[in-house]
1. Being at pLDDT 50 or above and outside the structural domain of Phe259 (by TED's automatic domain parsing): is that true of Phe173 here?
2. Looking only at the range 413-440, filter to residues that are aliphatic (A, V, I, L, M), modelled with pLDDT under 90 and part of a helix (DSSP H, G or I); which one of those is surrounded by the most Cβ atoms within 10 Å (Cβ to Cβ)?
3. When you go through Arg358, Arg349 one by one, which is the residue that is more than 17 Å from Val414 (Cβ to Cβ) and of a type in the set (D, E, K, R)?
4. Scan (1) of a type outside the set (S, T, N, Q); (2) open to solvent by 40 Å² or more (accessible area, probe 1.4 Å); (3) modelled with pLDDT of 85 or more for the single condition Ile608 breaks and write down its number.
5. Among the residues of the range 570-590, write down those that are free of Cβ contacts under 8 Å to residues at least 60 places away in the same chain and either under 27 Å from Arg349 (Cβ atoms) or within 44 Å of the chain's Cα centre (by Cα) (or both).
6. Testing Glu78 on (1) of a type in the set (Asp, Glu); (2) open to solvent by less than 30 Å² (accessible area, probe 1.4 Å); (3) modelled with pLDDT under 80, one condition comes back false. Which one is that?
7. Testing Ala260 on (1) over 22 Å from the mean Cα position of the chain (by Cα); (2) at pLDDT 85 or above; (3) more than 16 Å from ligand 1 (Cβ to nearest atom), one condition comes back false. Which one is that?
8. Take the conditions β-branched (Val, Ile, Thr) and at pLDDT below 85 and apply them to Thr221. Does it pass?
Amino acid sequence: MAQSMWKPLLALVAFVVVINVVYPMVSQKGQLDKAEVPYSQFKNELARDNVKEITMKGSLLNGVFKTKVQAAQVAGKETPSKATTNFFTILPGIDDPALMAELQAKKVMVKAISTESSPFTTALLYLIPWVLIIGVWVFFARSMKGQGPGNMMGGFAKSGAKLHDSQKTTVTFADVAGMEEAKQELHEVVEYLKEPKKFERIGGKVPRGILLVGPPGTGKTLLARAVAGEAGVAFFSISASQFIEMFVGVGASRVRDLFAVARKEAPSIIFIDELDAVGRSRGAGFGGGHDEREQTLNQLLSEMDGFESHEEIIVLSATNRPDVLDPALLRPGRFDRRVVIERPDWRDRESILKVHTRKTPLSADVNLAVIAKGTPGMTGADLESLVNEAAILAARENSETVTMNHLELAKDKVLMGGERKLYLSDQEKRITAIHESGHVLVAKLLPGTDPVHKVTIIPRGMALGVTQQLPEDDRHHYPKSYLVNRLSVVLGGRVAERLVFNDVSTGAQSDLKIVTELAEKMVCQWGMSDKIGPVTFSRGEEHPFLGMKLAQEKSFSEEMAWQIDQEITVVIKDAEDRAMEILSSNRNQLEALATALLEEETLDSARIDSILASV
Ligand code: ADP
Ligand code: MG
Ligand code: ZN
């Protein structure tokens, strides 16, 4: 807190104390050379007509006797004072109505002084609480803005961003195992930050905001720090949840501070971790949801728009929920570049294990590739704790080295520990491999479908495996033939399971959802069913909040509804039959793909082609 703020405040308090306590004491200094007499003695003297004058101030009576009087002892007073004419006495609590009459009778001169403080003092007394309240308020407001005494109020201070001095950020790309694609993309940023002028001369276009997307523990934060370490520039990191944890209005000002500091230190990197904490779509959720988070988000957006082209600042950000981000964040000039970080495949897992065992003494029997292959779905963070567990086990046994056995035990511990982890048994892995191979093979053999880009049995989100298809061009119109084939591809996974295991599993649930929605659209919206004809029905999506149907485009009868359902079923059944036909007549290829998938976990399109060609 600014020293300058306390000073006037203290001065004011001191002033009031003086006015109210010290001044009256000093002004009644006369009291000291007066003798206090008991009230009864005063009354006696009055009766004797020995009182010349009195001054009343509340219950205090100051007075002068006509002749000297030896004051009697007053209760509680040590010594009786000497004879005096000046005296004072205290009116007893009970009022003495007779006093005034008596005083008048004896013709005593009576003066009275108001007991009230001066209006000035009164005004001050009223003001003090307000001054204090406002003072405290100003104090908080200032410290929130980051001008306050950081250590006094802890978390309020500054933007909460940590500055990692470029010299101290020792993490480099060498510490980040695997993720070659992601590193490649960020390499460009490093080049730019190292030599912005040179980069600009060549005409390189640098993205301003880069979003790192991937499941928790896959090394997003690590990668961001490595970028800073490689480039050797100032690195400001903050977790977005810190923006909004305090009081209303703090988030936005923290964002402002963060960007201001980073600008001063440019070239620099701002890293906003867990962006989804502030970046969720505005207006989502009920009531309160908006205010604080929205203000913070708006501030962030406007800071990112406010960059001048010469400012050498890169904003990195990480999230594992890109789906909930406000679209405004992803617009050009903001986080328009996305770097996707996947769970590592076994080769990457092996190199992560290598990185984390660099300083661990491993015994000769250790084969990290075996551990890597046995830990599908584990992230870098999981593997780090696996190595850590193994080292603890070794230490407990007073073993000099970490053995394969330690690693195996640690693997089980990490796998069992995280209940939510997707750990696939061998049987589950095989089912997943067959399922994904089914998608791939149908896509390969049906004409007019999107080419397969990649297939993997590394668990991702809720899915045990993923088949990625990339459309060759952006499509705007979908011919019916394309959509029908697409249905077969999506159903291919489930069909393959039925073909090989004569059973289906729950793994195909999201496939079925896609199929149902697509088939419904084909029949109801795109008029692709001959039976129903070229009409558009809105089967009324329910309003998410009001629980009522939105306006319908064409109302239809119960009977029509039944027919629509029939048609949807027919469309799906046809697609399923076609998938079954393809897979059962190419069973060898299906098995070959599945075997390769089990072995290699991920297959790219070239590898898929070579496997299919070799069968
Ligand atoms: P995220 O930010 O994606 O949740 P982190 O970057 O915090 O993940 O990763 C947690 C830890 O896991 C890191 O500190 C690092 O030790 C380890 N880790 C994750 N990915 C890797 C990797 N690719 N190479 C080396 N270590 C990794
Ligand atoms: Mg992180
Ligand atoms: Zn599937």
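The values are calculated or read from the model by the stated rules, or taken from the named source; none is laboratory data. Computed from a prediction, not measured in an experiment: that's the story for all the values here. Please note: Cβ atoms are built from the backbone with ideal geometry, for glycine as well, and neighbour counts cover all protein chains shown. We work out accessible area using only protein heavy atoms, side chains counted, and drop any ligands, DNA or RNA first. Shrake-Rupley method; radii C 1.70, N 1.55, O 1.52, S 1.80 Å.
1. When the stated conditions are applied, Phe173 does not pass them.
2. Val414
3. Testing whether each residue is more than 17 Å from Val414 (Cβ to Cβ) and of a type in the set (D, E, K, R) leaves just Arg358.
4. All conditions are met except number (2).
5. Scanning the range 570-590 gives no hits.
6. (2)
7. Going through the list (1) over 22 Å from the mean Cα position of the chain (by Cα); (2) at pLDDT 85 or above; (3) more than 16 Å from ligand 1 (Cβ to nearest atom), Ala260 breaks only (1).
8. no
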